[in-house]
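**Q** The following block contains the structure, expressed as structure tokens.
The values are calculated or read from the model by the stated rules, or taken from the named source; none is laboratory data. None of the values given here were measured: they were computed from a predicted structure. Reconstructed Cβ throughout: ideal geometry from the backbone, glycine too, with neighbour counts over all protein chains shown. When the accessible area is computed, the model is the full protein with side chains, heavy atoms only, and any ligands, DNA or RNA have been set aside. Shrake-Rupley method; radii C 1.70, N 1.55, O 1.52, S 1.80 Å.
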Amino acid sequence: MSAPPVSDPRLLGREVLRIAFDEATIRQRVVEMGAEITAAYPEGDLLVLGLLKGSFVFLADLVRQIHRPLHVDFLVASSYGTDTVSSGNVRLVYDPETELAGQHILLVEDIVDSGRTLQKLADTLRVRNPASIGICALLHKHIAEHLSHPVRFVGFDAPHEFLVGYGLDHAENFRHLPYVASLK
Ligand code: PRP
């Protein structure tokens, strides 16, 4: 593990418990994941769907490591219910413009935490009759229960800590950190 970059101005003075995954470690793993995905989808169309906002950094790096033809589109989902407790309901607030029927879809998430987002989104996408739905997440906490769609491509098993950076936020801050840090 790297020493916390206490002088990093991007941290807004917040102290980090530790750097969970540093920049070089992430870069290397994303190269490996790109190779895994390239090998897993040898022929035909592939639509990479990034779930905003959290996946935007990971997705940008990942697609450049997938060495086959593909298209990119995005989803925006919103949980609704109370502000502090997820109701488990997830609806699409931006629907991809791309036709999903018959497509091989690779859904890209930054992190699988409770798994609720993923479960609901995969259910929502499945009724559009894609040829297949594969799921890729940079981080997986492995606490999700009842996931009917297994995460096929996982970057790292994530610690049960509050993680920010490389797309993950706290109150919309820290998404632009090039590493994943655990906040105190
Ligand atoms: C975060 C994260 C995942 C989801 C994981 O998104 O990006 O999409 O929560 O949590 P879950 O497994 O418990 O459902 P968030 O709703 O914070 O939106 P964001 O992507 O815009 O940060």
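**Q** Out of the residues in the range 2-49 that are of a type outside the set (A, V, I, L, M, F, W, C) and in contact with a Pro (Cβ under 8 Å, 6 or more places away or on another chain), which is modelled with the highest pLDDT?
**A** Pass one, the range 2-49, residues of a type outside the set (A, V, I, L, M, F, W, C): 2, 4-5, 7-10, 13-15, 18, 22-23, 25, 27-29, 32, 34, 36, 38, 41-45.
Then drop every residue that is not in contact with a Pro (Cβ under 8 Å, 6 or more places away or on another chain), which leaves 15, 18, 23, 45.
Numbers: E15: 79, R18: 90, E23: 97, D45: 90.
This residue is E23.
**Q** Return the residue satisfying two criteria in turn: it lies in the range 133-153 and is closer than 19 Å to L62 by Cβ and assigned to a loop (DSSP other than H, G, I, E, B), and of such residues it is nearest to the ligand (Cβ to nearest atom).
**A** Among residues in the range 133-153 that are closer than 19 Å to L62 by Cβ and assigned to a loop (DSSP other than H, G, I, E, B), the one nearest to the ligand (Cβ to nearest atom) is V151.
**Q** Pairs only if they're at least six apart or on different chains, beta carbon under 9 angstrom, first in the range 155-184 and over 14 Å from K141 (Cβ atoms), second of a type in the set (D, E, K, R) and assigned to a strand (DSSP E or B); list them, first residue then second.
**A** Pairs that qualify, where the first residue is over 14 Å from K141 (Cβ atoms) and the partner is of a type in the set (D, E, K, R) and assigned to a strand (DSSP E or B), are Y166/D110; G167/D110; A181/R18.
**Q** Anything in the range 126-184 that is of a type in the set (D, E, K, R), under 14 Å from the mean Cα position of the chain (by Cα) and over 21 Å from F74 (Cα atoms)? List them, or say none.
**A** The answer is K141, D157.
**Q** How about the range 134-176: which of its residues are at pLDDT 95 or above and either among the hydroxyl-bearing types (S, T, Y) or touching a helix residue (DSSP H, G or I) at 6+ places or on another chain (Cβ under 6 Å) (or both)?
**A** Residues satisfying the conditions are L138, F153, G155, Y166, G167.
**Q** Give the number of residues within the range 45-67 that are touching a helix residue (DSSP H, G or I) at 6+ places or on another chain (Cβ under 6 Å) and open to solvent by 30 Å² or more (accessible area, probe 1.4 Å).
**A** Total satisfying the criteria: 3.
**Q** For the range 10-120, please list each of the strands (runs of 3 or more DSSP E) lying entirely inside it that holds at least 1 residues being within 27 Å of E172 (Cα to Cα) and basic (K, R). Lay out the reasoning, then the answer.
**A** Numbers: elements: 16-21, 47-52, 71-81, 86-94, 104-112.
Answer list for the range 10-120: 16-21, 86-94.
**Q** Now, a different point. Which ones in the range 154-184 are in a loop (DSSP other than H, G, I, E, B), more than 21 Å from G115 (Cβ to Cβ) and out of contact with any Leu (no Cβ under 6 Å at 6 or more places or on another chain)? Break it down into steps so the answer makes sense when it comes.
**A** So in the range 154-184, the residues in a loop (DSSP other than H, G, I, E, B) come out as 158-162, 166-167, 169, 171-172, 174-179, 184.
Remaining after also requiring more than 21 Å from G115 (Cβ to Cβ): 171-172, 174-179, 184.
A171, E172, F174, R175, H176, L177, P178, Y179, listed by residue number.
**Q** Does V63 fit the bill of being under 15 Å from the mean Cα position of the chain (by Cα), at pLDDT below 95, within 21 Å of G134 (Cβ to Cβ) and not polar (S, T, N, Q)? Write out each step before concluding.
**A** Numbers: under 15 Å from the mean Cα position of the chain (by Cα): yes; at pLDDT below 95: no; within 21 Å of G134 (Cβ to Cβ): yes; not polar (S, T, N, Q): yes.
No; evaluated as a whole, the condition is false for this residue.
**Q** Moving on to the next point. Checking the structure you have, find out if any residue of the range 88-108 is surrounded by 17 or more Cβ atoms within 10 Å (Cβ to Cβ), within 14 Å of the ligand (Cβ to nearest atom) and within 29 Å of V16 (Cα to Cα).
**A** Among the residues of the range 88-108, at least one is surrounded by 17 or more Cβ atoms within 10 Å (Cβ to Cβ), within 14 Å of the ligand (Cβ to nearest atom) and within 29 Å of V16 (Cα to Cα), which makes the answer yes.
**Q** If you don't mind, there's one more thing I want to ask. Take L70 and decide whether it is under 11 Å from L106 (Cβ atoms), in contact with a Ser or Thr (Cβ under 9 Å, 6 or more places away or on another chain), of a type in the set (A, V, I, L, M) and surrounded by 13 or more Cβ atoms within 10 Å (Cβ to Cβ).
**A** Taking the combined requirement at face value, the residue does not satisfy it.
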